[in-house]
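Take a look at the structure set out below.
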Amino acid sequence: MIAQIKGKLIEKTPTYVVIDCNGVGYQLNISLNTFSKIGNEESCLLYTHFVVREDAHLLYGFKEKSERELFRQLITVSGVGSSTAMMILSSLSPEETKIAIISGNVNVLKSVKGIGLKTAERIIIDLRDKVGKSDGTEIISSFSNNTIKEEALSALVMLGFSKLPADKALNKIMTENSNLTVEELIKRTLKSL
């Protein structure tokens, strides 16, 4: 198995990169999260996952091991293939995905193109315990008071903001400071939107 590839970044697009490793160019499929984290590095190290299918051998690259681990967990869910997992990791950050799974937020997962209600529910049921254990109590404790977030999100939607951008902004603010009241959370989110 190929665990990582380090070399010169030859080509970079939002969906794949080509890394020259001692004269051999490896094409790795990447998520938008990895794309933004790579930046304009000349030398690049990506953690990989190798998929062998009947019609193709595919390499997936991740800037962080935690994103690769989440990808591997997602593809264990029935009905979620590598393309769907990459779509999830391109639409949501790994942290947002984990929070949605742990908190059982079906709507966040359904907001990803190609994920329906049944698939979102299956992801939550299959991965809730695994994601919580692999990440420790950090995410669970910082988002244990999910009702405050839901109240703030509801208020922002009532004010006319789109649900997905508001939800992302709330998650970012709650990551920075989890001890906010609903009012403080709404005020800070309004400043960032």
Next item on the list: Mind putting a number on the dipole of the chain about its Cα centre? Charges go on the C-beta only, +1 for Lys and Arg and -1 for Asp and Glu, and I need it in Debye to the nearest 20.
Entry: 140
Note to self: Could you identify which residue out of Val112, Val24, Val157 has the top mean-square fluctuation in a GNM of the chain using Cα springs shorter than 10 Å?
What the structure shows: Val24
Next item on the list: Would you mind checking the tilt of helix 163-176 against the longest principal axis of the Cα atoms of the chain, expressed as 0 to 90 degrees and rounded to 10?
Entry: 90
Item checked: Mean separation of Cα contacts under 8 Å, 6 or more apart, over the residue count of the stretch 1-151: relative contact order % -> 16
Next item on the list: Give, in nm to one decimal, the length gained when the segment between Ser162 and Asp129 is fully stretched (0.36 nm per residue of separation minus the Cα-Cα distance).
Entry: 8.9 nm
Next item on the list: Report the residues of the stretch 22-39 in range of a label on Tyr16: point 7 Å along Cα→C-beta, backbone N strictly under 14 Å from it.
Entry: 25-31
Next item on the list: Please identify the longest segment of the chain free of exposed GluC sites (Glu not before Pro), where exposed means a DSSP state other than H, G, I, E or B and no more than 14 other Cβ atoms within 10 Å.
Entry: 65-193
Checklist line | Rel. contact order, % - alpha carbon contacts under 8 angstrom, at least six apart, the stretch 66-141 | finding: 32
Next item on the list: Grab the beta carbon distance between Lys172 and Phe50, set R0 = 25 Å, and tell me the FRET efficiency rounded to 0.05.
Entry: 0.15
Check: Between their Cα atoms, which of Lys63/Lys191; Lys65/Lys168; Lys8/Lys110 are more than 32 Å away from each other?
Finding: Lys8/Lys110
Check: Considering the values [x] 30; [y] 45; [z] 41, which represents percent of Cα pairs over 25 Å apart as calculated for the structure under consideration?
Finding: [z]
Notebook entry, point to check: Efficiency by 1/(1 + (r/R0)^6): what FRET value for Glu41 and Ser83, r their Cβ-Cβ distance, R0 = 25 Å, to the nearest 0.05?
Noted result: 0.45
Notebook entry, point to check: Efficiency by 1/(1 + (r/R0)^6): what FRET value for Met1 and Ser111, r their Cβ-Cβ distance, R0 = 30 Å, to the nearest 0.05?
Noted result: 0.35
Check: In whole percent, what relative contact order does the stretch 145-192 give with Cα contacts below 8 Å and a gap of six or more residues?
Finding: 43
Check: Between Leu32 and Glu121, 0.36 nm times their residue separation minus their Cα-Cα distance comes to what?
Finding: 29.6 nm
Next item on the list: Report the residue, chosen from Ser31, Ser162, Ser111, that carries the largest GNM mean-square fluctuation when the chain is represented by alpha-carbon nodes joined by springs under 10 Å.
Entry: Ser162
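Computed from the coordinates by the stated procedures, all read-outs in this text should not be read as laboratory data. Quantities reported herein were computed from a predicted structural model and do not represent experimental measurements. Methodologically, a virtual Cβ is constructed for each residue, glycine included, from the backbone with ideal geometry; neighbour enumeration extends over all protein chains shown.
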